[in-house]
Each structure stands twice: as C-alpha cells, then as structure tokens.
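Notes for the one structure printed next.
The values are calculated or read from the model by the stated rules, or taken from the named source; none is laboratory data. All values reported here derive from a predicted model rather than from experimental measurement. Reconstructed Cβ throughout: ideal geometry from the backbone, glycine too, with neighbour counts over all protein chains shown. Protein only, heavy atoms only, side chains kept; ligands, DNA and RNA dropped before computing areas. Shrake-Rupley method; radii C 1.70, N 1.55, O 1.52, S 1.80 Å.
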Amino acid sequence: MSAVLKDVPELAAMREADLDEVVAVERAVYSHPWTRGNFADSLAAGYACRVLRLGGELLGYFIVMAAAGEAHLLNLSVATAHQRRGHGAMLLREAMGVARSRGARSLFLEVRPSNRGAQALYTRFGFRKVGVRRGYYPAFFGREDALVLALAIG
Ligand SMILES: CC(C)(COP(=O)(O)OP(=O)(O)OC[C@H]1O[C@@H](n2cnc3c(N)ncnc32)[C@H](O)[C@@H]1OP(=O)(O)O)[C@@H](O)C(=O)NCCC(=O)NCCS
C-alpha cells in the first residue's frame, strides 16, 4: 500500500524549509526568477503558498494573494523534468479553490506574451485576456509587456 501512496503527489503549505528547493526550481524555469526574499515575503504576508511533492522531490508550487474579492496568481511553476504531466493543471485547479475559499470571485494573473505554454494552460481553464501592462517584465534586452488574464471563479 505504501508503494502505491508513494506515487501520489501531495500538496502542502510552503514553509521556510522548502525555500532552497523552491528557489532552485525557480532559477531553472525562469529567465528572471523570483528571489528567496520574494518567497519569504509571500510567506510572511500570509499569501496562500503551496508546494506539490512526490516523495521527497519538489514538483512545483504556486502563490496566490487574495483580498477584497479578488485573487492574484503571483507564481505558478513546475520543475522542468516534471512538466507536461498534468501537475500545472492540478496546481492551477488548487489555486482556484484556495482563491475561492478566501472569498475571491475573480482570479487574475500576468503572463509574458512569449510564454505560449503557460498561455495554453490558462486558455484551457477559460482565462481571458483583460489587459496589457506595458513593460511589466524585465527582459534580456529592455522590457517585455505582460498580458493580464482573468477568470471568474465565484
Ligand atoms: C506553465 C507550466 C506551469 C505548465 O505546467 P505543466 O505541469 O507543464 O502543465 P500541464 O502538464 O498541467 O499542462 C496542462 C495543459 O496545458 C497546456 N500546456 C502546458 N504546457 C504547455 C506547453 N509548453 N506548450 C503547449 N501547451 C502547454 C496543454 O494544453 C496541457 O495539456 P496536454 O499536456 O494534455 O497537452 C510549466 O510549464 C512551467 O512551470 N513553466 C515555467 C514557469 C512558467 O512559465 N510559469 C507560468 C508563469 S505565468
């Protein structure tokens, strides 16, 4: 039985002790990663921070900030070796549930126009483009816009 359970990824609250691994994944999957301080600040602020693990291995994580009936998905990441296995979709579904449980009726997020994979995931969940933030992201040469996407979750 334990052999079966070992194969099931588990969600847990992100803790300070997870941050070495979280930052390692973050650095591997983004050209301009969050710092350890960004994650520590999110924990301290009480944002919904979750990790997905399989055995001892970190598969991915998300961070949701919810306030005044709105939630923002600040970070959603899956470790490179574990992408395209449904973990991102699972984390996104969980992020929607957490946002709803914190009273949000809409979930917003920003995504780079160049990030086609993430956009495909969000479109599949019904997110729609609601705006553009000019020069929002740092890029290798200058800045890159952010697409602002939203989904009604109420
Ligand atoms: C975006 C990300 C979270 C997706 O996680 P994932 O675990 O690979 O996604 P899933 O396996 O759950 O994909 C679910 C569906 O989303 C779509 N999708 C996800 N990644 C895709 C890609 N690279 N290209 C095209 N479609 C993709 C597909 O429809 C996929 O279903 P399918 O595999 O049956 O075709 C992951 O690629 C990642 O962490 N990327 C780097 C960090 C990042 O860009 N985060 C988002 C910032 S806004």
Exercise. Pairs under 9 Å by beta carbon, first residue among the hydroxyl-bearing types (Ser, Thr, Tyr) in region 73-88, partner open to solvent by 20 Å² or more (accessible area, probe 1.4 Å) and within 8 Å of the ligand (Cβ to nearest atom), six or more apart or different chains?
Worked result: 77/29; 77/30; 80/29
Exercise. Based on what the data block shows, is residue 150 open to solvent by less than 30 Å² (accessible area, probe 1.4 Å), within 11 Å of the ligand (Cβ to nearest atom), on the phi < 0 side of the Ramachandran plot and among the aliphatic types (A, V, I, L, M)?
Worked result: no
Exercise. Which one is farthest from residue 136 (Cα to Cα), of the residues in region 47-56 that are open to solvent by 50 Å² or more (accessible area, probe 1.4 Å) and touching a residue at least 12 places away in the same chain (Cβ under 8 Å)?
Worked result: 55
Exercise. Restricting the search to region 77-88, which residues are within 6 Å of the ligand (Cβ to nearest atom) and not polar (S, T, N, Q)?
Worked result: 78, 84, 85, 86, 87, 88
Exercise. What about residue 107, is it under 29 Å from residue 10 (Cα atoms), within 11 Å of the ligand (Cβ to nearest atom) and hydrophobic (A, V, I, L, M, F, W, C)?
Worked result: no
Problem set entry | Lone unmet requirement of (1) at pLDDT below 95; (2) surrounded by 12 or more Cβ atoms within 10 Å (Cβ to Cβ) for residue 72 | (1)
Exercise. Hey, among the residues in region 116-147 that are surrounded by 18 or more Cβ atoms within 10 Å (Cβ to Cβ) and closer than 17 Å to residue 70 by Cβ, which one's nearest to the chain's Cα centre (by Cα)?
Worked result: 122
For this session: Considering (1) without any contact (Cβ under 8 Å) to a residue 40 or more places away in the chain; (2) among the β-branched types (Val, Ile, Thr); (3) within 13 Å of the ligand (Cβ to nearest atom), say which one residue 132 fails and leave the rest.
Result: (3)
Problem set entry | Test result for residue 91, within 12 Å of the ligand (Cβ to nearest atom) and surrounded by 15 or more Cβ atoms within 10 Å (Cβ to Cβ) | yes
Exercise. With (1) farther than 18 Å from residue 94 by Cβ; (2) open to solvent by 60 Å² or more (accessible area, probe 1.4 Å); (3) in contact (Cβ under 8 Å) with a residue 12 or more places away in the chain as the list, and residue 27 as the residue in question, which single condition is left unmet?
Worked result: (3)
Exercise. Looking at region 30-42, which of the residues that are part of a helix (DSSP H, G or I) and of a type outside the set (S, T, N, Q) is surrounded by the most Cβ atoms within 10 Å (Cβ to Cβ)?
Worked result: 39
